[in-house]
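Note sheet for the following structure.
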Number of protein chains: 2
Amino acid sequence: EEMKRMKAARGQEILKYGIPDNGKDVRYYSNHVLLYDQQKRIPTWVAEHISANILKGSADRRHVKFRPDPEVEERFSAQNGDYWRSGWSRGHMAPAGDNRKSQEAMQDSFNLTNVVPQNLENNAGFWNRLEIYCRDLTNKFSNVFIISGPLMLPIVDEDGNKYVKYQVIGENNVAVPTHLFKVIIVEDKKRKPKAMGAFVVPNEPIGYDKKLTDYLVDLEALEKSLGVTLVPKLIETEGNVKNLCKVDNCKLIGRKEFELYFIGRKLESANTLHRLETVWNELEEKKLKPDRYLKELYKQKKSELTEQEKLTGKST
Amino acid sequence: EEMKRMKAARGQEILKYGIPDNGKDVRYYSNHVLLYDQQKRIPTWVAEHISANILKGSADRRHVKFRPDPEVEERFSAQNGDYWRSGWSRGHMAPAGDNRKSQEAMQDSFNLTNVVPQNLENNAGFWNRLEIYCRDLTNKFSNVFIISGPLMLPIVDEDGNKYVKYQVIGENNVAVPTHLFKVIIVEDKKRKPKAMGAFVVPNEPIGYDKKLTDYLVDLEALEKSLGVTLVPKLIETEGNVKNLCKVDNCKLIGRKEFELYFIGRKLESANTLHRLETVWNELEEKKLKPDRYLKELYKQKKSELTEQEKLTGKST
Ligand SMILES: [Mg+2]
Ligand SMILES: [Mg+2]
């Protein structure tokens, strides 16, 4: 109306030297979408969609490196050097393991816009198990939607007041989140939303004594502390959307399965017979029984690598 | 190109349940423009344009109250109650004193989207003097553009690491900035940018011993720590834009003038003869000599109020 037009016209005058630009546009990549926070040098949220089919592929993380996002202005970008010797690992929000479909998707997931400073044990442990849990959901549900990101939660200090306090690392003051969140939506075969789970996890080591359900939170509460409505179109159908941990069990893989998973990853990436045997022997050392998948993988890799080393004349 | 189109198409699938919404749109008001931070419940930046003509007017702050911005979703909004008994005052970014042109502009400036928790002495003292300095610039320069906002600067803690730490107040965790910034651009008569000054001021009491130039900063450095390019279109003509404090003196009004200014404000808002005389007597108590403006104001108000009280039969 008239009032709105007048305000817009006045706005034109006020903003004669340009609209202040905080890089607020949503950024689209091969297999994920994100909003980047130019002030904190980390994403605000990263959205993904996975299915059994999308997870297939053989793009390899060994062929890519973490790098500043080429689409972000340098002075607002994190650099690899900010993370070095900081005590914090580079934690993917859209995991590399969800991006094996293509080498582009894999590379995109290594942009530092998809990364936050993450506690190393958390990254390699609980958070990794949560990511595996999400991938495993694609065996039960046709489509899985995931939004992940960092969170800075206030604490009550000695003076009785509430404070938000977070470390910043490197020359570019990359913000270290106090917590990480993940919202998971699973669809039924008819592609209707079936269940939703929102989780907030502290950015610190979390052992096998903790369950995923310990970190289940109310989506509304998460959105309020984030200042973001995460799934605006889900609300319309909310009545039918169940609690993910009631529909599924929200059980993360245990220590033994997790170790087998890692040995599987190492077998997959072994590039010499010698390396293959070393990894295979780990099973015995750790008193782990290989499952059928591992046995098959070992056999297949062994014949592949034998053939290859015969051709190149390389001896084990 | 093709790649971009593919990413956008994949993005559509990924964001099936809506684009996460952090309320990123720039908001236009009668006499200011701002970006609101739904997470911190304070603005990111507030832009204004003032001139001698725009500053004219008689809209009165006594007729308006601070209020949650009606355009902001309630769960992402600050409330007056968040500020009560918090120890922090409600500090305008676009000052009430710049919005006397109309009652709408005045009311808009009292939206809590234009407000940050500000140290009371800072608000009533140094920051107020800085605002007066901006208004005084309109006597020397045809047009003045101002961008103001909050800042959270990191500090090195006892453990040697850098941290950002800020208080949050009330139920809605309204963020208390550690610093405030103001960027001022003045134009010459040809409406070309003549000079620019960027200032960062700690959110704490600042006395008369400090000069405005003590807080002069590099615009680039401010933008980097804010994560915002504040005046994108100024850069093009940067070569010609001088340092404001070299073109002007950047001198804030002194203690005596500031007290006279306050007495002027009180005289203006006096609504009984009794109140008018009380304020006038303050001058003598404080051993301050009224200038011509104050003398004229006193005479005019006295005759107005005498007339008025005669009509309503009210006696002093
Ligand atoms: Mg990881
Ligand atoms: Mg003020």
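The table that follows gives values for the structure above.
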item: Tensor-based shape of the range A:1-101 (alpha-carbon gyration tensor, a/c under 1.5 rounded, otherwise prolate or oblate); result: oblate
item: Karplus-derived HN-Hα couplings along the range B:149-162 (A = 6.51, B = -1.76, C = 1.60, θ = phi - 60°), whole Hz, x at Gly and Pro; result: x, x, 8, 10, 9, x, 10, 8, 8, 4, 7, x, 8, 8
item: Charge dipole (debye, nearest 20) of the range A:25-85; +1 at Cβ of Lys and Arg, -1 at Cβ of Asp and Glu; result: 340
item: For chain A, size of Cβ-based charge dipole, Lys and Arg +1, Asp and Glu -1, in debye; result: 940
item: Rg/Rh for the range A:119-210, where both radii come from Cα atoms and Rh is the Kirkwood radius; result: 1.08
item: Per-residue ³J(HN,Hα) for the range A:244-261, Karplus 6.51 cos²θ - 1.76 cosθ + 1.60, θ = phi - 60°, Hz, x for Gly and Pro; result: 3, 6, 9, 6, 10, 9, 6, 9, 7, 5, x, 4, 5, 4, 5, 5, 4, 4
item: Two-site FRET efficiency, B:His274 against A:Tyr261, from Cβ-Cβ distance with R₀ of 60 Å, rounded to 0.05; result: 0.15
item: When each of A:Lys210/A:Lys251; A:Lys165/B:Lys24; A:Lys165/A:Lys224; A:Lys7/B:Lys266; B:Lys65/B:Lys101 is checked by Cα-Cα distance, pairs over 20 Å; result: A:Lys165/B:Lys24; A:Lys7/B:Lys266
item: Shape call, the range B:51-208: gyration tensor on alpha carbons, a/c limit 1.5; result: oblate
item: Chain A - Kirkwood radius from inverse mean 1/r over Cα pairs (Å); result: 21.9
item: Gyration tensor (alpha-carbon) shape descriptor, the range A:75-167, a/c threshold 1.5; result: oblate
item: Total charge dipole magnitude, the protein assembly as shown, about the Cα centre, Cβ charges on Lys, Arg, Asp, Glu only, Debye to nearest 20; result: 720
item: The range B:19-177, relative contact order in percent, only Cα pairs under 8 angstrom and at least six apart counted; result: 29
item: Which of A:Ser30, A:Ser142 has the fewest Cβ neighbours within 10 Å, and the rest in rising order; result: A:Ser142, A:Ser30
item: Averaged over A:30-37, number of beta-carbon atoms from partner chains that fall within 10 Å; result: 4
item: Burial order of peptide ranges A:304-312, B:166-174, B:178-186 (average beta-carbon count within 10 Å, highest first); result: B:178-186, B:166-174, A:304-312
item: Per-residue ³J(HN,Hα) for the range A:262-267, Karplus 6.51 cos²θ - 1.76 cosθ + 1.60, θ = phi - 60°, Hz, x for Gly and Pro; result: 5, 5, x, 4, 5, 4
item: Percent of alpha-carbon pairs separated by more than 47 Å within the protein assembly as shown; result: 28
item: Set of aspartates and glutamates with alpha-carbon distance to A:Lys295 below 18 Å, sequence-local pairs under 8 removed; result: A:Glu257, A:Glu259, A:Glu268, A:Glu277, A:Glu282, A:Glu284, A:Glu285, A:Glu304
item: Per-pair calculated FRET efficiency, R0 = 45 Å: A:Arg85 and B:Ala8 via Cβ, rounded to 0.05; result: 0.70
item: Chain A - mean residue ellipticity at 222 nm from DSSP helices (-39,500 (n - 2.57) per run, n ≥ 4, rounded to 500); result: -9500 deg cm²/dmol
item: B:Ser58/B:Asp188 FRET efficiency (R0 35 Å; Cβ-Cβ; nearest 0.05); result: 0.75
item: Chain B, relative contact order in percent, only Cα pairs under 8 angstrom and at least six apart counted; result: 14
item: Nitroxide proxy distance, nm - points 7 Å out along Cα→Cβ at B:Glu121 and A:Tyr293; result: 6.4
item: Mean separation of Cα contacts under 8 Å (6+ apart) over length of the range B:19-97, as relative contact order %; result: 22
item: Partnerless Cys - chain B, beta-carbon criterion under 4.7 Å; result: B:Cys134
item: Estimated inter-spin distance, B:Lys310 and A:Asn281, nm [label 7 Å along Cα→Cβ]; result: 11.2
item: Rg to Rh quotient for the range A:169-284, alpha carbon positions, Kirkwood Rh; result: 1.10
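Every read-out reported here was derived from the displayed coordinates using simple, explicitly stated rules and does not represent laboratory data. Remember, predicted model here, so these are calculated numbers, not experimental data. Using ideal geometry, Cβ is built from the backbone for each residue, glycine included, and neighbour counts are taken over all protein chains shown.
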